[in-house]
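In what follows, a structure is listed as structure tokens, so that the remarks can point back to it.
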Amino acid sequence: MAAADSTSATLRRRDLCSRGIRLAGKMRSDVVDLLDTYVEQQGLDASASVAAVEGVPVAAVERWDEQTGTQRLLENLAAYRAFRALLAQMLEEQREQLGEADATLGRALAAVLLQVSAFTYHLEELLRLENRGPPGEEGAVPPAPPPLTLFERKLRGLGVLRELAQWAVRSARDLRQLAKPSPGSGAAPSPAESL
Amino acid sequence: MFRCVIWVLVLLCSSTADENSIGDADIFPSSPEIERGSTLKLFCVLGKHYTPHRNASHIIWKLNHELITQENYNIVNETVSSITIHNFTYSKAHVKCFIKYLGEEQLLVHTEVKSGFPPDTPRNISCIYYFDAELTCTWTSGRETNFRTNYTLYRKMMTEGRVILARTMGSCQSKTESCSFYYPDTPYSSSFCFQVKAENILGEASSGCVPIPMEKIEKFEPPEILSVKKITGIKQLLTVTWKMPEKIIPSQDLICQVRYRNLYSNSSEFITVPLNSAKKMGSCNLTGLWDSTEYSVAIRCISVVSKFWSEWSRGKKASTEEKAPSERVDLWRVIESSHPAGSRYVHLMWKPLNNFPPSGRILGYKIQYFPENNAALKMTNISSNEKVILLLNEEAYIISVTAYNSAGNSPEAVLRIPSADERSSQIIETLRTFTTNEEVVVEWVAFEPEVNEYVVEWYEELETDPFSRSWQYVSNSTNWKTNKKNFKPFVCYNISVYPLCGNKVAAPYSMQTYIQEKKPSEGPVADTGIPGKNEVTIKWKEISKDKRNGFISNYTIFYKPEDGKELNKTVNADVLQYRLKSLQPNTQYTVYIMASNEAGGTSGEPKTFKTLKFNKEDVIFIALPVGLSMLVLLGLWIACILKKHAFKKACWPDIPNPAESIAVEWPLDASVNNSFLKVVTTEAKTIDFEDVSVLEHCFPEDSQEGSLLMNCENHISACTDINTKSMINREKKILYDTEIEVDKCFSPSIPYIITDEDIRSQMHSTLIPVKEIQCIEMMEDGVCGSQHTSIKNEENDHEVLKLEDLSEKALFNPYLKNSVKTREFLISDNLPEHSKSEPKSQSTVLPPFHQNVAGQSYVTLDMFGLATAH
């Protein structure tokens, strides 16, 4: 019975991971498209370098392959909760800035926001499968940003989207790692499986 | 101004009045909507206008037009009446409140009541996700509620298989059984479930939240085909390259399906190509295709986890490589009869290659021909058509035709054209055709069973264009079947079967046939000719070929006498005339001809004729006895005329009168001056003046001498005739002409008497002396002498004899005077002397005189005067 449950849980995890990979891919695709739109609409240079933005989680991590599955999920969840708040803030700022005049950017931001939310829910589901309920969101809410100029807000938004795209890649790799037979193992993914 | 005021008042009144209120009353609840089968309760409130004379007891209720019974009424108070209707089942009805007072009903107010059902639970929820564009869900709502129902589609997140109500990701409203979310409200999640809530005035119902992972319902945009190409040097292959849609989940496994169809086929073939969306492009090779065939290619893709294919991409066409035609053309010929110069036209025709799959696009045909015994004289023609006409001489020729395309030539199709005087043997013994329900079958029997290839040729009988002929090769069989649709019904076809011995075509066996017959389009026209008494010959012509519609099997002649029974005769088709016998004489008949074939007969226009009353035999039988009788009577009459004197002598013989005998008063002068001549002269004066005139009139001066001799002869002959009393017309005419001549040549007139022959014989001896005297006198006149000589020269002795008779007639027996007509001529004073001394009387013959005969000479008064003046 326990073995059956274990098998079922394994299959369930694989299924969820597979779907999560798909969601991550969709999200990355959306974010890449949004970046192009954002740079164009905000009048920014696509090659402009943006310094690390406070409150924006960084995808790069040392010893990634040594992380456990739960750890990966928790980091992902924290990141996407942060991105959800940042994107909501960007959407609000964008509406304040451009009103309804530029619907394209607003719609794309809203789509990515929803996609991030959906992926967040998906990560929570995976955490539940790991017998680890999702942590409360209180700690995930980023601190209120200091007053910024319009250009600074634009650059900040650019930094948020670039990092989100990086996180989409990392999330896919994390989920692919989780889908392997030994959940939580730190085996590195094969090159073919990388995005 | 006044009008405006009136209109304002009317508008105010209408706006203040309740739309259901007609009088000063109200009904409530207004326009109620209740559940079907429930109880309806309405109240009608009278206004102050009706009190105190009328109250709620005067209120009556009607449902549509039917009065509701009083037991359902309830008087609430003096001005309010209620009605209760149990088990209200009308979907829509009008309830009306009336007041009945003094026998009159007055509508106070009415309202519409609708009944229906609360919504059922929506079921069968299904969704489709048009990637990054639209998420549409549909469901079924159950039974009709009869009320407006609103639907709300909820998109919720599920956690651990349970719906987290707090995490509704969105909703949409609809009044139909479908609702859509549109981008950007189309997040992609595998944890969504969809729930539908239906609600109307009577209640609401919600479905369960149905988990529908987005990845299972995603539908891509179709891919785009970049190219469909053939690879040079590789046959039967096409390479297809396409681009994946822009909006697609990255790095997911997909399946693309390539559909290709050649233009000769109605069915398509499919191949499936697995690929990953990480690759933006896809390609595959289509192998095993037909040569030189155009293919239409389309592609669609699907996620490996989705159930919705994308739409098919726009199709693209390309052709495979060609190869040389592998089959020879289907060649046939029609040889025209030789011209006098020995040349003849040969119509060559062939069918396009129908090998399947086709080899490629035929660019043209090469026709080569040469005399059979001299291949060095090979001629080559190139044609893009599938027919050609060659003018060949009388020699036998070998003709070959090849089709070519860009890849090469087909094998040669060869036929031998026999020499003009060549006669091939008859190989086919019999041939027959028949039809089944769907097919035409041609069967034949050959003398030589080793012949195993034949050509069946068929064409319409009236078709003259050789290229319009159809043909088909038949191998290893002595029958041929084809669909009836290849033949026109009611048309005569010539069908021929040609045996083939290698490339030599032997003598054909031909026959005519109709695949289907119908009765002739028109009937023959009867020609009755000239009818007889009891028979008539009816003739008709064949119907033109285009109107026969079948083989004419026979003709039927229908004929009917007036007011009689119709009869008919049937004859074979090769008979074009028929003699109807045993007809009633002198009867009008109507006749018409019916031409018949297997399918029926058609009659021509009727003609009428009338038989004769008598035929030729009848006429002969009647006319012959009558004519003979007439001839007999005529003969008798002529005989009577001719033998009158004989009869008279026999019956009433003349008895001489001794008292008038001249035997004692001789010589001639005495007889001349005797009473007999006087009597004659006297009679001539009174009767025959006109004869003188006739004589003068008939001879012009210039011809007088030339005709004198003949006239004298005629005169003599006439005299003879007079003696015989013969009244022949020609002689009469001559007598007319000769009288004046005699008058001249014997002038002065010599009295002479012409007696009957028998009398002459009696008196011959007596008259001789007179004759001599007369001749002496006549010799005094030269004319008379020449006449006399001329008479002697006549070959006819009979004429001579007549002259002698004439001389004899110069003397006559006075006893015979009553049997001779005499005439006394008046002699002119200017006549010669000797003539003047002659007696002025002449005995002559009276020409027959017919009154009122055209052209007959007559005596005018002037002439009479001239004659008598001397």
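The values are calculated or read from the model by the stated rules, or taken from the named source; none is laboratory data. The model shown is predicted, which means the values in this text are computed figures rather than measured ones. Neighbour counts are summed over all protein chains in view; Cβ atoms, including those assigned to glycine, are modelled from backbone coordinates with ideal geometry. Areas reflect the complete protein model, heavy atoms only, side chains present, ligands, DNA and RNA absent. Shrake-Rupley method; radii C 1.70, N 1.55, O 1.52, S 1.80 Å.
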Exercise. Quick one: if you stick a label point 7 Å off each Cα along the C-beta vector at B:L226 and B:C640, how many nm between them?
Worked result: 14.2
Problem set entry | For residues of A:106-119, the mean tally of beta carbons on other chains within 10 Å | 4
Exercise. At a Förster distance of 56 Å, what's the computed FRET efficiency of B:Y345 paired with B:L567, Cβ-Cβ distance as r, to 0.05?
Worked result: 0.55
Problem set entry | Integer Hz, Karplus 6.51/-1.76/1.60 couplings in order for the stretch B:235-246, x for Gly and Pro | 8, 6, 8, 9, 10, 10, 10, 9, 10, 6, x, 5
Seminar exercise, completed: Mean per-residue count of partner chain Cβ within 10 Å for A:123-130 equals 2
For this session: Ignoring everything but the protein chains, give the 1.4 Å probe accessible area of B:R579 in square angstrom, nearest 10.
Result: 120
Exercise. Can you give the accessible area of B:L631, probe radius 1.4 Å, in Å² rounded to 10?
Worked result: 110
For this session: At a 1.4 Å probe radius, which order do A:W64, B:W290, B:W637 fall into by accessible area, largest first?
Result: B:W637, B:W290, A:W64
Seminar exercise, completed: Length gained if B:I255 through B:K649 is fully extended, taking 0.36 nm per residue and subtracting the Cα-Cα distance, is 126.4 nm
Seminar exercise, completed: Karplus ³J(HN,Hα) for the stretch B:567-575 (6.51 cos²θ - 1.76 cosθ + 1.60, θ = phi - 60°; Hz, whole; x = Gly/Pro) runs 10, 8, 9, 10, 10, 5, 5, 8, 9
Problem set entry | Residue-normalised accessible area of the stretch B:94-165, expressed per residue, 1.4 Å probe, Å² | 45
Exercise. Per-residue accessible area for A:D33 at 1.4 Å probe radius, Å² rounded to 10?
Worked result: 80
Seminar exercise, completed: Links exceeding 25 Å between C-alpha atoms in this model, out of B:K323/B:K484; A:K180/B:K280; B:K280/B:K317; B:K156/B:K216; B:K539/B:K581, come to B:K323/B:K484; A:K180/B:K280
Exercise. Hey, if we sort B:D527, B:D120 by accessible area with the 1.4 Å probe, largest down, what's the order?
Worked result: B:D527, B:D120
Seminar exercise, completed: Of the stretch B:434-468, those with amide N under 13 Å from the point 7 Å along the Cα→Cβ vector of B:F551 are B:434-435
Exercise. Of all accessible surface on the stretch B:573-664 at a 1.4 Å probe, what whole percent is carbon and sulfur?
Worked result: 65
Seminar exercise, completed: Accessible-area loss of at least 50 Å² (1.4 Å probe, chain alone to full protein assembly) applies in the stretch B:231-256 to B:P250
Problem set entry | Charge-dipole axis of the stretch B:20-149 as Lys and Arg at +1 and Asp and Glu at -1 on Cβ define it, positive-most pick from B:H49, B:C127, B:W139 | B:H49
Problem set entry | Accessible area that becomes buried as A packs against B, both chains, 1.4 Å probe, Å², nearest 100 | 2100
Exercise. Which whole-angstrom value gives the distance between the alpha carbon centres of the stretch A:60-132 and the stretch B:113-158?
Worked result: 31
Problem set entry | 26 Å Cα-Cα threshold exceeded, pairs from B:K175/B:K247; B:K387/B:K547; B:K316/B:K366; B:K219/B:K279 | B:K175/B:K247; B:K387/B:K547; B:K316/B:K366
Seminar exercise, completed: For the pair B:L628 and A:S6, the simple spin-label estimate (label points 7 Å beyond Cα toward Cβ) gives in nm 15.3
